[in-house]
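The values are calculated or read from the model by the stated rules, or taken from the named source; none is laboratory data. Values in this document were obtained by computation on a predicted structure and should not be read as measured data. Here the Cβ positions follow ideal geometry from the backbone for every residue, glycine too, while neighbour counts run over all protein chains shown.
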């Protein structure tokens, strides 16, 4: 069937093109996309070759919402008309010249083909969920999963470096557990959002010394430190914010390239380390969507741009060229 997709070439050129999708299999579902959320972290790590999920050309996008158009003969969990949220499209779309696109994860497309369930499938959207905001479900779910894995206790002090969308998910989840949350970023707007999501203390690291401020609140160091920027150079100073017998969480995605950090500061603090930066998985995703629908997690406040697919190539070029204003961007495929 014919569809429209945002395509990235090996030369980092972006285009909205007509593509041909294969027919869904008996165990697959065809979904008409309503909205797809943009990840300026992982998607642009792929585009910049920091990580590699498949050969060019690429169709990126790993979170979306939409409506079921048709189901395969063996599918019983959803039916046409159901509203769903998706983690990946399996369809290997073909361009007009016959070349095949890698679906990484293929959801910036007017239609998607996926299976029900698994870590990269689709699921029925819970009641009262807004299709637009729900299309940004992955990043907060990653944050929720991280907090669940590292298990901060009520009353403990949590420091979060980086108040992007994953960091905000960490802040919200830690605050809900009754932790004292210290949010750290270079962007005053993100720090304002951090307060909205439950941060007790904010540190503008352009204006303040992170270590001095944290020491003033917890002289022995933070109980848990979540390094959420994905910047390797910040690992070492983040480790040094931890107290003895504390916990350090590698919350960012640091790519395929190896890098160094000093062993002794982590060793002498006897730190536990956690590596939870992954999918968020279904329990966290469903919790995030429940919290969005109820208003507990006002995720609509993180949306900075709502764009059409036709605008997407220019926006992606701007992001690639260094425009940092596109913090929370949603493509409207309606």
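Taking the range 26-60 as the range and being over 22 Å from residue 303 (Cβ atoms) and in contact (Cβ under 8 Å) with a residue 60 or more places away in the chain as the test, the residues that pass are 27, 28, 29, 30, 48, 50, 51, 52.
Out of all the residues in the range 84-98, is one or more under 20 Å from the mean Cα position of the chain (by Cα) and surrounded by fewer than 20 Cβ atoms within 10 Å (Cβ to Cβ)? So far as the range 84-98 goes, yes, one or more of its residues are under 20 Å from the mean Cα position of the chain (by Cα) and surrounded by fewer than 20 Cβ atoms within 10 Å (Cβ to Cβ).
Selection of the range 217-238 for residues being over 22 Å from residue 168 (Cβ atoms) and crowded, with 16+ Cβ neighbours inside 10 Å yields only 221.
Scanning the range 60-71 for any residue that is more than 22 Å from residue 282 (Cα to Cα) and in contact with a strand residue (DSSP E or B) (Cβ under 8 Å, 6 or more places away or on another chain) turns up at least one such residue.
In the condition set (1) more than 27 Å from residue 327 (Cβ to Cβ); (2) in contact (Cβ under 8 Å) with a residue 40 or more places away in the chain; (3) surrounded by fewer than 21 Cβ atoms within 10 Å (Cβ to Cβ), residue 67 is compliant with all but (2).
Being in contact with a helix residue (DSSP H, G or I) (Cβ under 9 Å, 6 or more places away or on another chain) and surrounded by fewer than 24 Cβ atoms within 10 Å (Cβ to Cβ) is the filter; apply it to the range 126-137 and report the residue that is nearest to residue 191 (Cα to Cα). Step through it out loud before you land on a result.
So the first thing to find is which residues in the range 126-137 are in contact with a helix residue (DSSP H, G or I) (Cβ under 9 Å, 6 or more places away or on another chain), and the list is 126-130, 132-134, 136-137.
Narrowing the set further to residues that are surrounded by fewer than 24 Cβ atoms within 10 Å (Cβ to Cβ) leaves 126-130, 132-133.
Numbers: 126: 30, 127: 31, 128: 29, 129: 26, 130: 25, 132: 24, 133: 21 Å.
By that ranking, first place goes to 133.
In the set (1) surrounded by fewer than 20 Cβ atoms within 10 Å (Cβ to Cβ); (2) within 21 Å of residue 288 (Cβ to Cβ); (3) in contact with a strand residue (DSSP E or B) (Cβ under 8 Å, 6 or more places away or on another chain), residue 114 fails one condition alone, (1). Residue 54 fulfils the conditions (1) surrounded by 23 or more Cβ atoms within 10 Å (Cβ to Cβ); (2) within 20 Å of the chain's Cα centre (by Cα) except for a single criterion, (1). Residues being within 21 Å of residue 137 (Cα to Cα), in contact (Cβ under 8 Å) with a residue 24 or more places away in the chain and not in a loop (DSSP other than H, G, I, E, B) are entirely absent from the range 197-206. Among the conditions (1) at pLDDT 95 or above; (2) loosely packed, with under 12 Cβ neighbours inside 10 Å, residue 259 misses just one, which is (1). Within the range 25-37, no residue satisfies the criterion of being surrounded by 15 or more Cβ atoms within 10 Å (Cβ to Cβ) and more than 27 Å from the chain's Cα centre (by Cα).
Scan the range 6-57 for residues that are farther than 16 Å from residue 87 by Cα and in a strand (DSSP E or B) and jot them down. Across the range 6-57, the qualifying residues are 6, 7, 8, 14, 15, 16, 17, 18, 19, 20. Against the list (1) more than 25 Å from the chain's Cα centre (by Cα); (2) more than 21 Å from residue 135 (Cα to Cα), the condition residue 11 fails is (1). Within the range 124-133, is there a residue that is more than 19 Å from residue 329 (Cβ to Cβ) and without any contact (Cβ under 8 Å) to a residue 60 or more places away in the chain? Taking every residue of the range 124-133 in turn, at least one turns out to be more than 19 Å from residue 329 (Cβ to Cβ) and without any contact (Cβ under 8 Å) to a residue 60 or more places away in the chain. Only residues that are surrounded by 14 or more Cβ atoms within 10 Å (Cβ to Cβ) and either over 15 Å from residue 97 (Cβ atoms) or out of contact with any strand residue (DSSP E or B) (no Cβ under 9 Å at 6 or more places or on another chain) (or both) were counted in the range 13-24, giving 4. In the range 176-192, the qualifying residues are those that are more than 20 Å from residue 216 (Cα to Cα) and within 19 Å of the chain's Cα centre (by Cα), and the one that is surrounded by the most Cβ atoms within 10 Å (Cβ to Cβ) is 190.
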